[in-house]
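The values are calculated or read from the model by the stated rules, or taken from the named source; none is laboratory data. In this text, all values refer to a predicted model and were calculated from it rather than measured experimentally. Quick reminder, even Gly has a Cβ in these numbers, built from the backbone with ideal geometry, and neighbours come from all protein chains shown. SASA here: full protein model, heavy atoms, side chains in, ligands and nucleic acids out. Shrake-Rupley method; radii C 1.70, N 1.55, O 1.52, S 1.80 Å.
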Amino acid sequence: MKIIRKPEELQKTIEELKKKGKTVGLVPTMGALHAGHISLMKKSVSQNDITVVSVYVNPIQFGPNEDYEKYPRPVEHDIKVCKDNKVDFLFLPTNKTLYNDNFSTYIYNNKLAKIMCGVTRPIHFQGVCTVVSKLFNIAMPAKAYFGLKDYQQYVIVKQMAKDLNFNIKVIGCPIVREKSGIAMSSRNTYLSEKAKQDACGIYKSLCLAKKQFSAGKKLNDIKKNIEKNILAIPTSKIDYVELRNSENLDLATDKDKSIVIAVAVKVANVRLIDNIVCKK
């Protein structure tokens, strides 16, 4: 595995490999790599000749009162994880190499970025789309892999790739969960063991909601039940409970055959997101 820090060096390297007919997969991450990230790496390694993993805590997707400064950055751990999982190139840029002093161009989805997480994190998806588009241009992959825990992000990136004519297949990969059911997340490291156990109630409420959807229960009643169950979790505070069409994130109706139930909840003041796709 080779570690590359400069965008122009990775671009040049990938260009040479593509001239030789090599296919490239990209796994964009913010590091603190866990089993969820590893599942993306394995998928990329199995489907491409070359796998590039980027590790970069992107400042422009954090709001002023969010956790950019304290976000975990275990670089040596991340290097080992990438090596152990047969990654070919680890891209480790810095703020200076990705954003020059006069940087002023941003990408924003005018529809999908205003709902769900976008309500309380208004600049978040602008930062995500901007950095992902840069990574797409730097790594020039045929396929890019995103975990479905960040379901809204996946739909937005997929739409961005379509709207801006990136010739890249955006692939959503299943949520990887801890034994307790809590979705794997780098932010789980903020939780005490007690808070982790409490947070398991989020996924339990989603599983119950899925059963209710399959049984034909009205969406409004399902939403009320989820809110009731989540509020029973100690220290919990609901950011949102949303029932959306799983394809385009329009508000779900009782006629929809496939929906995503997505939640954002603070447990012990740690913001957690999770979702479940339900089909009739």
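Quick notes on this one:
- Between 0 and 90°, nearest 10: helix 151-163 axis offset from the chain longest Cα axis: 50
- Radius of gyration, Dmax [the stretch 1-136; alpha carbons; angstrom]: 15.6, 47
- Cβ charges +1 (Lys, Arg) and -1 (Asp, Glu), total dipole of the stretch 154-280, debye: 300
- The overall shape of the stretch 119-185, judged from the alpha-carbon gyration tensor, is oblate: a/c is not under 1.5, and a/b is no greater than b/c.
- Here the chain is assigned +1 on the Cβ of each Lys and Arg and -1 on the Cβ of each Asp and Glu. Its dipole about the Cα centre then comes out at about 760 debye.
- Computed on the chain, the Cα convex hull volume stands at 133 Å³ per residue.
- Peptides 182-194, 202-214 ranked from most to least packed by the mean count of surrounding Cβ atoms within 10 Å: 202-214, 182-194.
- The stretch 1-142: relative contact order in percent, alpha carbon pairs under 8 Å with at least 6 residues between: 35
- Relative contact order for the chain, counting Cα pairs under 8 Å that sit 6 or more residues apart, in percent: 17
- Probe 1.4 Å, all protein chains present, accessible-area order of PHE103, PHE125, largest first: PHE103, PHE125
- Candidates GLY201, HIS124, LEU164 compared by Cα position along the dipole of the chain: farthest toward the positive end lies GLY201, with charges placed on Cβ.
- Per-residue SASA entry for LYS83, accessible area with 1.4 Å probe, Å² rounded to 10: 120
- Using the Cβ of LEU112 as centre and a radius below 15 Å, the other residues enclosed give a net charge of +1, where K and R count +1 and D and E count -1.
- The separation of the stretch 135-159 from the stretch 1-16, counted between C-alpha centres, amounts to 19 Å.
- Using the Cβ of ASN245 as centre and a radius below 15 Å, the other residues enclosed give a net charge of +3, where K and R count +1 and D and E count -1.
- Antiparallel bridge percentage (DSSP; both residues within the chain; nearest 5): 50
- Close amide H partners of CYS173, meaning residues 5 or more places away or on another chain with modelled amide H under 5 Å apart, are PHE146, GLY147, LEU148.
- Computed magnitude of the charge dipole of the stretch 132-177 (debye, nearest 20; Cβ of K, R +1, Cβ of D, E -1): 120
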